[in-house]
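Undergrad: Can you keep this structure in mind? I'll have questions shortly.
The values are calculated or read from the model by the stated rules, or taken from the named source; none is laboratory data. Note that the structure is a prediction, hence the values are computed from the model and not measured. A quick note on method: Cβ atoms are made from the backbone with ideal geometry, for glycine too, and the neighbour counts reach across all protein chains shown.
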Amino acid sequence: MSFIPLLVALSASLLPLPGATRADWRTEVLEFRHEREAELRKADGWLSVAGLFFLKPGANPVGSAATAAVSLPSGAPPDAGQFFLENGVVRYEPAAGVPALVNDRPVTGGVTLRPADPKSETPADRLTIGALLLQLHYSGARLGVRLRDPDSTYRRHFSGLQWFALDAAWRLKGRFVPYDTPRTMQIQNVLGDVDDVTSPGELDVRIGASTVRLVALQASKGRLWIVFSDASAEKETYRIRYLYTDPPDANGGVMVDFNRAYNPPCAFNPHTTCPLPPRQNRLTLAVPAGERKYAGPLTPTAN
């Protein structure tokens, strides 16, 4: 399929760059792409996720021993303690002599751990054992422990991001159509679990001769979060991509810049729980803009 007729039509949908030149726009998008890769490469970024272990009621041993339910890499204590799950509450009991910290404070006995609170945007408590970071994480109704390791194979063998060339034809004017009241939606993630998300409304975007209406999810500071797929998925792009917009203006106008579309964590790491696009956001046309499909390894690689 040729994209030339589509891109010609798209150019008519471009907004002028208020208060900025085209060179400014290019610089901003290139900076966004650079910062995105830098965030991924951080010691506690998505590439450092080394495991996700779902807890069973009662005791869940943690350590590098083969019998541990929450498995730590070799070099960590064979017995680092236990996670106790009871009535949705998790308590960590360290083993004797294990120098564990919770939120940078030494653990001298049992301590209750809190998962993240999306409503208040409060992050999960940070349990650290040496260089390892463990945090509670919900996938649907299942509660697990997410392990981050700065020496994760996914981080060590990361091959870098690839992007489509910048194209202002994919910087489009959209119109936000709010619901009377925000709606709670159920969206399945890549593990098959179902999560509740909030949608404040929908976003109309004209692409070529057609107008698509995308379900927008609520993001911080009034921004809109679009989880979508398109006809390039599994070919040139990953099967899911994300895109954030600035808050809509007083008339509902919003810029939708597909040059900033990017891959979710599960494109690089199998231990993540990315939401899948709502059916309405599964586009039948291709969007050759933004981040391309990751070409690096998704399974542990030998040293």
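Undergrad: Within the range 276-287, how many residues turn out to be buried (at least 21 other Cβ atoms within 10 Å of the Cβ) and farther than 10 Å from residue 228 by Cα?
TA: Of the residues in the range 276-287, 1 are buried (at least 21 other Cβ atoms within 10 Å of the Cβ) and farther than 10 Å from residue 228 by Cα.
Undergrad: Moving to a separate point now. Mind counting the residues in the range 158-184 that are part of a strand (DSSP E or B) and in contact (Cβ under 8 Å) with a residue 24 or more places away in the chain?
TA: Filtering the range 158-184 for residues part of a strand (DSSP E or B) gives 163, 171-184.
Next cut, in contact (Cβ under 8 Å) with a residue 24 or more places away in the chain only: 163, 171-178, 182.
Number of matching residues: 10.
Undergrad: Which is out of contact with any Phe, Trp or Tyr (no Cβ under 7 Å at 6 or more places or on another chain) and in the same structural domain as residue 101 (by TED's automatic domain parsing), of 126, 142? Spell out how you get there, then give the answer.
TA: Working: 142 fails: out of contact with any Phe, Trp or Tyr (no Cβ under 7 Å at 6 or more places or on another chain).
Only one candidate qualifies: 126.
Undergrad: Does at least one position in the range 280-293 carry a residue that is closer than 30 Å to residue 144 by Cα and either assigned to a loop (DSSP other than H, G, I, E, B) or within 13 Å of the chain's Cα centre (by Cα) (or both)?
TA: Within the range 280-293 (the criterion being closer than 30 Å to residue 144 by Cα and either assigned to a loop (DSSP other than H, G, I, E, B) or within 13 Å of the chain's Cα centre (by Cα) (or both)), the answer is yes, since at least one residue qualifies.
Undergrad: Working carefully through the options 90, 29, 70, 49, find the one that is touching a strand residue (DSSP E or B) at 6+ places or on another chain (Cβ under 6 Å), over 27 Å from residue 156 (Cβ atoms), touching a residue at least 12 places away in the same chain (Cβ under 8 Å) and of a type outside the set (Lys, Arg). Steps first, answer last, please.
TA: Values: 29 fails: touching a strand residue (DSSP E or B) at 6+ places or on another chain (Cβ under 6 Å); 70 fails: over 27 Å from residue 156 (Cβ atoms); 49 fails: over 27 Å from residue 156 (Cβ atoms).
So the residue among 90, 29, 70, 49 that is touching a strand residue (DSSP E or B) at 6+ places or on another chain (Cβ under 6 Å), over 27 Å from residue 156 (Cβ atoms), touching a residue at least 12 places away in the same chain (Cβ under 8 Å) and of a type outside the set (Lys, Arg) is 90.
Undergrad: I'm trying to understand the selection: among the residues of the range 71-99, which are within 16 Å of residue 146 (Cβ to Cβ), assigned to a strand (DSSP E or B) and not hydroxyl-bearing (Ser, Thr, Tyr)?
TA: Of the range 71-99, the ones within 16 Å of residue 146 (Cβ to Cβ) are 71-73, 76, 80, 83, 85, 90, 92.
From what's left, assigned to a strand (DSSP E or B): 71, 76, 83, 85, 90, 92.
Within the range 71-99, 76, 83, 85, 90 meet the criteria.
Undergrad: Suppose we keep only residues that are under 14 Å from residue 140 (Cα atoms), among the β-branched types (Val, Ile, Thr) and part of a strand (DSSP E or B) within the range 185-219. Which one would you say is modelled with the lowest pLDDT? Break it down stepwise before answering.
TA: Filtering the range 185-219 down to residues under 14 Å from residue 140 (Cα atoms) leaves 185-197.
Then keep just the ones that are among the β-branched types (Val, Ile, Thr); that gives 187, 190, 194, 197.
From what is left, the residues that are part of a strand (DSSP E or B) are 187, 194, 197.
Values: 187: 96, 194: 97, 197: 93.
Result: 197.
Undergrad: Exactly one of these conditions fails for residue 164: (1) closer than 30 Å to residue 131 by Cβ; (2) modelled with pLDDT of 95 or more. Give me its number.
TA: Of (1) closer than 30 Å to residue 131 by Cβ; (2) modelled with pLDDT of 95 or more, only one is false for residue 164: (1).
Undergrad: If the requirement is being closer than 17 Å to residue 50 by Cβ, touching a residue at least 12 places away in the same chain (Cβ under 8 Å) and crowded, with 17+ Cβ neighbours inside 10 Å, which of these qualifies: 113, 143, 147? Spell out the reasoning first.
TA: Working: 113 fails: closer than 17 Å to residue 50 by Cβ; 143 fails: closer than 17 Å to residue 50 by Cβ.
After applying the criteria, what remains is 147.
Undergrad: While we're here: Of everything in the range 1-33, what is at pLDDT 50 or above and either exposed (fewer than 11 other Cβ atoms within 10 Å of the Cβ) or not in a helix (DSSP H, G or I) (or both)? Give them in sequence order.
TA: First, pick out the residues of the range 1-33 that are at pLDDT 50 or above: 20-33.
Once the filter is applied, which keeps residues that are at pLDDT 50 or above and either exposed (fewer than 11 other Cβ atoms within 10 Å of the Cβ) or not in a helix (DSSP H, G or I) (or both), the range 1-33 yields 20, 21, 23, 31.
Undergrad: Name the residue that is nearest to residue 63 (Cα to Cα), counting only residues in the range 127-157 that are out of contact with any Leu (no Cβ under 6 Å at 6 or more places or on another chain), among the charged types (D, E, K, R) and not in a strand (DSSP E or B).
TA: Top of the filtered list is 151.
Undergrad: Conditions first: (1) under 20 Å from residue 294 (Cα atoms); (2) touching a residue at least 40 places away in the same chain (Cβ under 8 Å); (3) hydroxyl-bearing (Ser, Thr, Tyr). Residue 242 passes all but one, so which condition is the exception?
TA: Result: residue 242 passes all but (2).
Undergrad: For the range 256-296, enumerate the residues that are farther than 26 Å from residue 42 by Cα and touching a residue at least 24 places away in the same chain (Cβ under 8 Å).
TA: 256, 277, 278, 280, 281, 282, 283, 284, 285, 286, 287, 288
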